[in-house]
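Following: one structure in structure tokens, then a few remarks.
Just so you know, all these numbers are worked out from the coordinates, no wet-lab data involved. Note that the structure is a prediction, hence the values are computed from the model and not measured. Here the Cβ positions follow ideal geometry from the backbone for every residue, glycine too, while neighbour counts run over all protein chains shown.
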């Protein structure tokens with residue numbers, strides 16, 4: 001997510017392929033280094049959930065995507 | 001589906017958004033950003049919740065089901081306004097959770113996410129780490145920023161929206177279906 005723009009794909013790959021996994025990990029870390037939060041949306045039998053993750057190792061292997069968004073601040 | 005790790009976020013153009021004041025027409029760039037944000041929102045929360053958001057003007061989320069199988073509380077998630085927690089049985093607002101998701105990754109750039117991204121960020125934070133979000137939020141009494149009468153109307157509108165979409169809806173008060 002980005003102000004004034006919406007979302008955009010920044011990295012894509014197969015985590016089962018070593019080189020692609022490395023690129024995904026680097027992209028993941030770049031976002032968290034900027035202070036962003038990361039969420040993995042899930043859907044099971046129509047039930048929608050989201051899991052916040054703080055390390056790439058926490059991303060489920062069957063996850064389809066990770067969404068980064070600015071951290072919450074008291075309003 | 002295969003193992004596809006798609007990392008989405010935050011590149012591309014930045015608009016010169018000054019806020020979504022009521023009555024101000026969106027620029028084409030802002031409209032495009034809102035459209036992208038709504039597409040993402042729908043892909044995460046599902047078509048029903050997206051349709052509710054478009055009609056009602058807010059997203060919703062419920063707490064865990066209690067002993068009677070119904071959620072005890074829920075949230076109205078407004079774009080760029082406080083989240084309102086409410087009692088699902090009485091329909092009364094409980095608190096206002098004042099929380100923002102300012103994009104501060106580029107100095108001088110606008111901080112405001114598109115409306116649909118803002119509600120999605122709130123929804124994901126609530127679903128993923130409810131207590132963490134509560135710890136970040138400023139928690140106020142109902143009526144601090146949102147008129148309690150409006151909140152009650154919106155709770156009723158949500159209930160009316162959900163009931164026809166739920167074949168197991170009860171005749172009693174409250175919400176028969178959690179997420």
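Tabulated results
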| item | result |
| --- | --- |
| Segment A:1-46-segment B:94-162 distance, computed between alpha-carbon centres (Å) | 23 Å |
| Spacing of the two label points (7 Å from each Cα toward its C-beta) at residue A:49 and residue B:90, in nm | 3.0 nm |
| Sorted largest first, extent of segment B:67-115 alpha carbons per principal axis (Å) | 50, 18, 14 |
| Kirkwood-based shape ratio for chain A, expressed as Rg/Rh from alpha carbons | 0.97 |
| Spacing of the two label points (7 Å from each Cα toward its C-beta) at residue B:56 and residue B:111, in nm | 2.8 nm |
| Rough spin-label spacing in nm, given labels placed 7 Å along Cα→Cβ, for residue A:22 and residue B:149 | 6.5 nm |
| Average beta carbon contacts from partner chains per residue of B:138-145, 10 Å cutoff | 1 |
| Fewest-first sequence of B:139, B:155, A:67 by Cβ atoms within 10 Å of each Cβ | B:139, B:155, A:67 |
| Intensity falloff of segment B:28-165 expressed as log10 I(q)/I(0), Debye formula with alpha-carbon point scatterers, at q = 0.13 Å⁻¹ | -0.56 |
| Two-site FRET efficiency, residue B:157 against residue A:32, from Cβ-Cβ distance with R₀ of 35 Å, rounded to 0.05 | 0.40 |
